[in-house]
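Scroll down for the structure; my scribbles are underneath it.
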Protein chains: 4
Amino acid sequence: MRLPSGIITPTVTPLRDGDLDGEGIAELLEFLRRTGVVAAFPAGSLGLFHLLSLSEHKRLISEFASRLPSGMALLPGVHRGNLEDTVDVARHARDVGAAAVVAVPPFYYELGQEEIADYYVELASAADIPVIIYNIPQMARNRIDPETAASVLSRTPMLAGVKDSSRDLAALQGYVSALPGIPVYEGQDDLLLAARALGAHGGVCGTSNFVDLPQRVWSAGADDAPALQGRLSRLMRLLSRYEFPSAYYYLFQAIVMGRRNPTGYMPRPMRPL
Amino acid sequence: MRLPSGIITPTVTPLRDGDLDGEGIAELLEFLRRTGVVAAFPAGSLGLFHLLSLSEHKRLISEFASRLPSGMALLPGVHRGNLEDTVDVARHARDVGAAAVVAVPPFYYELGQEEIADYYVELASAADIPVIIYNIPQMARNRIDPETAASVLSRTPMLAGVKDSSRDLAALQGYVSALPGIPVYEGQDDLLLAARALGAHGGVCGTSNFVDLPQRVWSAGADDAPALQGRLSRLMRLLSRYEFPSAYYYLFQAIVMGRRNPTGYMPRPMRPL
Amino acid sequence: MRLPSGIITPTVTPLRDGDLDGEGIAELLEFLRRTGVVAAFPAGSLGLFHLLSLSEHKRLISEFASRLPSGMALLPGVHRGNLEDTVDVARHARDVGAAAVVAVPPFYYELGQEEIADYYVELASAADIPVIIYNIPQMARNRIDPETAASVLSRTPMLAGVKDSSRDLAALQGYVSALPGIPVYEGQDDLLLAARALGAHGGVCGTSNFVDLPQRVWSAGADDAPALQGRLSRLMRLLSRYEFPSAYYYLFQAIVMGRRNPTGYMPRPMRPL
Amino acid sequence: MRLPSGIITPTVTPLRDGDLDGEGIAELLEFLRRTGVVAAFPAGSLGLFHLLSLSEHKRLISEFASRLPSGMALLPGVHRGNLEDTVDVARHARDVGAAAVVAVPPFYYELGQEEIADYYVELASAADIPVIIYNIPQMARNRIDPETAASVLSRTPMLAGVKDSSRDLAALQGYVSALPGIPVYEGQDDLLLAARALGAHGGVCGTSNFVDLPQRVWSAGADDAPALQGRLSRLMRLLSRYEFPSAYYYLFQAIVMGRRNPTGYMPRPMRPL
């Protein structure tokens, strides 16, 4: 299966009073379906995966799987830092119907590129599900060179794609060149149009949790695209004034859920906006 | 109970062919006892806690607890990033006899100082065991201000100490001033003597996994201390030429375990030296 | 006058045995003319302006001015860190026929955005020559927000353009949106094609000192452009293995000057490749 | 001549309506004399050397030299980034009676350690005056390894001292070990006491522009020193809330000059507090 082209949503983790909110997940998925999102990516950086316990992490994936609209792919994040728990979550994702899983490399420690390649090869092999490499060195500390991704591809047929959130379009272009036939996604909403010009297969766009602007940028013609991207980029600058990612959570609650005074929508120890 | 003064060892995680090595743990603890270490701190940064699965993490603490020499305190790291799993590990540590637990704040995400204070208060309260704050912003991203530690202290009697590995002695001095009666430990071997001059209660020294030099610096008189610290600092510069912390693991295997060609002593995906 | 569209060369400073090399400057300019470069930008970051004395800096601009091919614009860097010397160099540039001058903001110190705006307004006013803002925070420490550039534009008609070397295409797009009618140039060769898609007016490309690849990327059709950009990006990765910018100097000496064993081509204290 | 032990003041540059203020310089020097400062260091980072033109820089040194109290050493900063202008300023400093000159390495560009050593050797030789190495990588980008300083010392008898503002006391201790007999000064007020414990010869303390607290820390006995250092460190934390170094300038104007509403005390483009 080739991953779909277009906009993927790195979903917020809908909470109510600190607990996973099944209704919120259902409304979020319905919103994504209606606005033309091609895949849901729960438990990414925006989904605050690293504030979830191991069991909550698996439960979150189950909740998305059981409510997934037909025609939408499920691409959950499975990263736990260590290989064993990550494989555990990835097997669970496979069992509930995920099309592929997304993983940042081990973080906290600095790793060599060969160690990172080993990690992805072992993960795909042990969990037996296609893997999407997730490059976000500003959070995960370890960058993933295009050559490293190519090394993974040469060792396993299970490399399904790359999500690049590094902000460095030279890296994105490096992936496009080094991985023929493998979809590469831009992970920064404000670089979506530039990434399209460089051959990206789509975007993983946080703002698609509450607006359809990324989808409109992605499908716009050459005449309209710059102005639409300009609007999306201004939205991103506004969001960047808040501690990441609280404003995404607030806007999801306010716009999609229609809650006037949402409470308990941030996981501990994060405080609401 | 007041935490002991002197040198604490942030222990390597002894592995053999990738599995926890009970014999290695026993020999390590015997080496620490013989060289005058006052407490063992498994599952710290040097112990590669974030490459351990949740169940391995707990098993590691049990293994240290069951072999702990009398008179030595057990101060295990319990950090898992999220509060729920961290509390789970901390309760386990309490049940097997730990004197206190050590925790870095949630990492990966940037947090506010109030959120960090909440985290420590909730952890101590939920796990019902004294907590040692661990400040290491270069790894955990989030620094902990002395004022934040003071805020924790004002809200719970369970703050047992601070380990400062930030390299900023002004922060260490800030803790000493802001937390009267609470032990503050220096986490960098090459700053041990300077920290002693500023009122530190001891040092958490990685090199004490295979030499007794930190203990000698700590107990040296004013005449001998600078030269001994100079030797320790040169050792640290040598170690810094290798990807952290592989050289510590190799030297432990070679010096303490007496293994000529140790294999499998680094957890996946880390490669040996 | 509106600045030209296309490729501008941030020129190496041709030296022979440590002294400005008039013959080298002449051959460089002839190479640029032949390969379709639209403007020469001496005394930029690549030109090692900050290793030149105040008098050498002015002399370098004179040497380029006196040898400038017809039809090519002269856009010298005039930045000296302080306003007074920068105005002095800018007046000199105006007197010898520069079309506009380029300036990074004061560096070494961290400045506020209002202070940066003041600086550019005062520079343009005191030197009476159009000014090009040069955004390169990784070298000059101080970034220049698109809003700051817009503030400069609202206060003086002398803002001639922006060179963005920040690697952040969202910043470049911000300039394009905030400064209608003002040319914005991409300063990183490996982002040239992406910047073209976002409305850049041209590129300031270091590799154009010795190859014509940037010009070919800039004028390529949609079919050929990605492959050509891929070649240019690979060249950039090779160059990045050397301490900046010694490889540019070596390749200029070897390819354009045809020198087998060039000596003294780096200013003190830089050592040759 | 061996450089004096104790507190050296990295002086603010007294301005009135944007011009060098001879009266301010006189009052500053009288304040330093009265409070027991052993040397004046104009044109350092705090003196905003990089916002001064080449001619102002030389004039500033002359103004300090002509008003220097007897018994106080003059140790001016001479750094201009490039070697030629730096030598020019250093010769001027020598001619007006400086005991030694201080220099950061070339900044803006990244240099190798050998290039940095060459720079200091050439500067001392060309200007024929003792040189003090100034390590401040957070501003000047290039750090100076203790081994590099030792290499300079092995090549010239003109190395007079080191000022370390890196905040890394391991570096300071490295200088003390690697440079027997050469004075090493701590450049951060909040690390003064720790540096004294490691064998520093004195401190270069910005707050000595308006208080005598650093001198009291330096000469305090073991009993009083920690509390005094605590007060000095709290002062530093307060100052750090302002853009560097505007609060130093304001407090000098208010406390030493007794001006209620000082104007024009920051050089362009810096705005007052």
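The values are calculated or read from the model by the stated rules, or taken from the named source; none is laboratory data. Not measured: the values here are computed from a predicted model. Glycine gets a Cβ as well: all are built from the backbone with ideal geometry, and neighbour counts include every protein chain shown. For the accessible areas, the whole protein counts, side chains as well, though only heavy atoms, and no ligand, DNA or RNA atoms are used. Shrake-Rupley method; radii C 1.70, N 1.55, O 1.52, S 1.80 Å.
Just so you know, the averaged projected area of the alpha carbon convex hull for the protein assembly as shown sits at 42.1 nm². In this simple spin-label model, placing a label point 7 Å from the Cα along the Cα-to-Cβ direction at both B:ASP19 and C:GLU114 gives a separation of 6.8 nm. The simple spin-label model puts a point 7 Å past each Cα toward its Cβ; for A:ARG234 and B:ALA227 those points are separated by 7.1 nm.
In this structure, the residue pairs whose Cα-Cα separation is over 27 Å, taken from D:LYS58/D:LYS163; C:LYS163/D:LYS58; B:LYS58/B:LYS163; C:LYS163/D:LYS163; A:LYS163/B:LYS58, are C:LYS163/D:LYS58; C:LYS163/D:LYS163; A:LYS163/B:LYS58. Kirkwood analysis of segment B:118-214, using all unique Cα-Cα pairs, places the hydrodynamic radius at 13.6 Å.
Using the alpha-carbon positions of segment D:82-139, Rg (one decimal) and Dmax (whole number) come out as 11.3, 33 Å.
Inter-copy label distances at D:GLU110, using a point 7 Å along Cα-to-Cβ, come to 1.2, 2.2, 2.3 nm with the shortest given first. Counting only other chain Cβ atoms within 10 Å of each residue's Cβ, the peptide B:170-178 averages 4.
Our coupling estimate for segment B:247-252, obtained by passing each phi through the Karplus curve with A = 6.51, B = -1.76, C = 1.60 and θ = phi - 60°, is 5, 4, 5, 5, 5, 4 Hz, Gly and Pro reported as x. I need to check one value: relative contact order of segment A:126-273, counting alpha carbon pairs closer than 8 Å and at least 6 residues apart, in percent. Result for segment A:126-273 is 15 percent.
Compared with the rule-of-thumb size 2.2 N^0.38 Å for a compact globular protein, segment A:165-273 has a Cα radius of gyration ratio of 1.20.
Accessible surface buried by the B/A pair amounts to about 3500 Å², both sides summed, 1.4 Å probe. Its Cα centre serving as origin, chain B has a Cβ charge dipole (Lys and Arg +1, Asp and Glu -1) of approximately 780 debye. With r as the distance between the Cβ atoms of A:GLU122 and B:GLU147 and R0 = 51 Å, compute the FRET efficiency 1/(1 + (r/R0)^6) and round to 0.05. Given R0 = 51 Å and the Cβ-Cβ separation, E is 0.70. Summing charges over neighbours of B:LEU28, with a neighbour being any other residue whose Cβ is under 15 Å away from its Cβ, gives -1 when K and R count +1 and D and E count -1. 3J(HN,Hα) couplings calculated from phi for segment C:68-79 with the Karplus curve 6.51 cos²θ - 1.76 cosθ + 1.60 (θ = phi - 60°) are, in sequence order, 5, x, 5, x, 9, 8, 9, 10, x, x, 10, 4 Hz; Gly and Pro show x. Rolled with a 1.4 Å probe across the full set of protein chains, the surface gives B:GLU84 an accessible area near 90 Å².
Under a no-solvent Debye model with one identical scatterer per Cα of segment B:63-168, what's log10 I(q)/I(0) at q = 0.15, 0.16, 0.25 Å⁻¹? Debye curve over Cα of segment B:63-168, log10 I(q)/I(0) at q = 0.15, 0.16, 0.25 Å⁻¹: -0.57, -0.65, -1.42. What separates the C:ASP95 label point from its copies, with the point 7 Å along Cα to Cβ, is 2.3, 8.2, 8.4 nm, written shortest first.
If every alpha-carbon in segment C:1-132 counts as one equal scatterer, what log10 I(q)/I(0) does Debye give at q = 0.15, 0.17 1/Å? Log10 I(q)/I(0), no solvent term: -0.67, -0.85. The local environment of C:ARG268, defined by Cβ-Cβ distances under 10 Å, has a net charge of -3 under the rule Lys, Arg +1 and Asp, Glu -1.
Amide hydrogen proximity for D:ALA39: with H placed 1.01 Å from N in the peptide plane, the residues at 5 or more positions away or on another chain lying under 5 Å are D:THR9, D:ALA73.
Label positions at C:SER154 and C:ALA220, each projected 7 Å from the Cα along the C-beta direction, are separated by 4.0 nm. Normalised by residue count, chain D yields a Cα convex hull volume of 116 Å³ per residue. Placing a label point 7 Å from Cα along the Cα-to-Cβ direction at B:ARG234 gives distances to the equivalent points in the other copies of 4.2, 4.8, 6.4 nm, listed shortest first.
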